[in-house]
Amino acid sequence: MKLLAIESSCDETGAAVVELRDKKLLLHSTIVATSMQLHSQTGGIIPEIAAREQSTYMIPVVLQALQKAHCIRNKTTIPDIDAIAVTYGPGLIGSLLVGVETAKTLSYVWNKPLIPVNHLFGHIYANFLSFDTIRFPLIALIVSGAHTDLLLMKSHTNSTWLGGTRDDAAGECFDKVGRMLGLSYPAGPAIEKLAHLGNPKAFHFPRPLIHDNAFDFSFSGLKTAVLRAVEKTKNITEQDVQNLCRGVQDAIIDVVVSKTIRAAKKYGVQSILLSGGVAANQTLKKAFLKDIEQTPIALYVPQRSLCTDNAAMIGAAALYHQQGKPATDVSADPELYFE
Ligand code: KG4
Ligand code: ZN
């Protein structure tokens, strides 16, 4: 089965062609256009600008993905695909509508079934695109700019949501702290770099809910603690910024690693899958590897380009669920979450 996948839940516009052949996932093409340059000037995503850019990028991105995968001869022929997958939520309503309405139109015109995909579930499947050795049961951790969630998956079709953030997401905490320190958006990569130069003993920030047995997270109090520290530090030096970055990154990593590993041990899983933009953080990966060293658990982290938003992961998730629907039954759902 070969799919065209479309992703436009936040500021990226993605299209990809993926295939499941002889139980192997094949990535034929993936194209991502981003309006991040415009948003980094304003310190965050402006939904209207994101959607306006996506509506101009969408068709060229879809055509490029189909052409790169050799699925279409010219713009007037029906492409050689079996179905179309599209992110229908969660996300920004204007952005989601660009992807969903494009996918519905193409599904109708080309007479191909439409597979609606939960964006969060899609993030997990970036791992299946990158590795073919993943074994169930597994714990999936999604750490992005908008979400921090833990899931137990016993198979592709049997998953249980264990918990998520009660307030800010891990990536949001990185971004908001970055804003306090004058770093450009999104701040995660810059904080990771500066943290390398910071003194781990200079600031010790709280680790919210780290000892709580539930699998929920909370990062809003941590963000406030950093704000208080910034306010208290007069004439902030470059070294202070590096120390603050180190302090906040250590706190986020401690919480995320400790809760994920607790879940992995509780459910006796074979694999831990990281996903979402924050999974690109190499210090986080190293912390996981150190803590599972003495266990039989295997850690999987997708390559950087598949950690952040892309359509390939949406196509991969669709291939394992394959519930095609008539185009008229699919609509954007910005508040979509796990059942
Ligand atoms: O998954 P993603 O591309 O978009 C959402 O669906 O939210 O994640 C973006 C988030 C941003 O908050 C960004 O600061 C964070 O991922 N991020 C990082 C790193 N690279 C991206 N956070 C920490 N360290 C990184 N290296
Ligand atoms: Zn995402």
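In this structure, Gly182 qualifies as on the phi > 0 side of the Ramachandran plot, away from ligand 2 (no atom under 16 Å from the Cβ) and either in contact with a helix residue (DSSP H, G or I) (Cβ under 7 Å, 6 or more places away or on another chain) or assigned to a loop (DSSP other than H, G, I, E, B) (or both). Annotation: Lys232 fulfils all but one of (1) closer than 30 Å to Met180 by Cα; (2) among the charged types (D, E, K, R); (3) within 16 Å of ligand 2 (Cβ to nearest atom); the unmet one is (3). One residue is enough: does the range 146-157 have a residue meeting the conditions more than 28 Å from Ile191 (Cβ to Cβ), without any contact (Cβ under 8 Å) to a residue 24 or more places away in the chain and more than 16 Å from ligand 2 (Cβ to nearest atom)? Checking the range 146-157: at least one residue is more than 28 Å from Ile191 (Cβ to Cβ), without any contact (Cβ under 8 Å) to a residue 24 or more places away in the chain and more than 16 Å from ligand 2 (Cβ to nearest atom).
Within the set Val278, Val241, the sole residue that is β-branched (Val, Ile, Thr) and closer than 30 Å to Thr13 by Cβ turns out to be Val278.
Looking across the range 289-318, the residues that are assigned to a helix (DSSP H, G or I) and surrounded by fewer than 23 Cβ atoms within 10 Å (Cβ to Cβ) come down to Leu289, Lys290, Asp291, Ile292, Arg304, Ser305.
Checked against the criterion of being under 22 Å from Leu27 (Cα atoms), open to solvent by 10 Å² or more (accessible area, probe 1.4 Å) and modelled with pLDDT of 95 or more, the candidates Ile124, Ile134 yield just one match: Ile134.
Taking the criterion of being open to solvent by 70 Å² or more (accessible area, probe 1.4 Å) and not in a loop (DSSP other than H, G, I, E, B), the residues of the range 263-284 that qualify are Lys265, Lys266, Gln282. List, please: which pairs have Cβ atoms under 9 Å, are six or more places apart or on different chains, and start with a residue in the range 1-27 that is free of Cβ contacts under 8 Å to residues at least 24 places away in the same chain and end with one that is more than 15 Å from ligand 1 (Cβ to nearest atom) and not in a strand (DSSP E or B)? Sorted first by the residue in the range 1-27, then by its partner, the pairs are Arg21/Met1; Lys23/Asp132. Residue count for the range 108-121 satisfying the condition of being open to solvent by less than 10 Å² (accessible area, probe 1.4 Å) and either part of a helix (DSSP H, G or I) or among the small types (Gly, Ala, Ser) (or both): 1. Filtering Asp254, Asp212 for residues that are of a type outside the set (Gly, Ala, Ser) and assigned to a helix (DSSP H, G or I) leaves a single hit, Asp254.
Going by the structure shown, is Gly221 crowded, with 20+ Cβ neighbours inside 10 Å and either more than 16 Å from ligand 2 (Cβ to nearest atom) or of a type outside the set (S, T, N, Q) (or both)? No; evaluated as a whole, the condition is false for this residue. Is it the case that some residue within the range 158-178 is part of a helix (DSSP H, G or I), of a type in the set (Lys, Arg) and within 19 Å of the chain's Cα centre (by Cα)? Yes, the range 158-178 has at least one match.
The values are calculated or read from the model by the stated rules, or taken from the named source; none is laboratory data. Everything numeric in this text was worked out from a predicted model, so none of it was measured. Neighbour counts run over all protein chains shown; Cβ positions are idealised from the backbone, glycine included. For accessibility, only protein heavy atoms count, side chains too; no ligands or nucleic acids. Shrake-Rupley method; radii C 1.70, N 1.55, O 1.52, S 1.80 Å.
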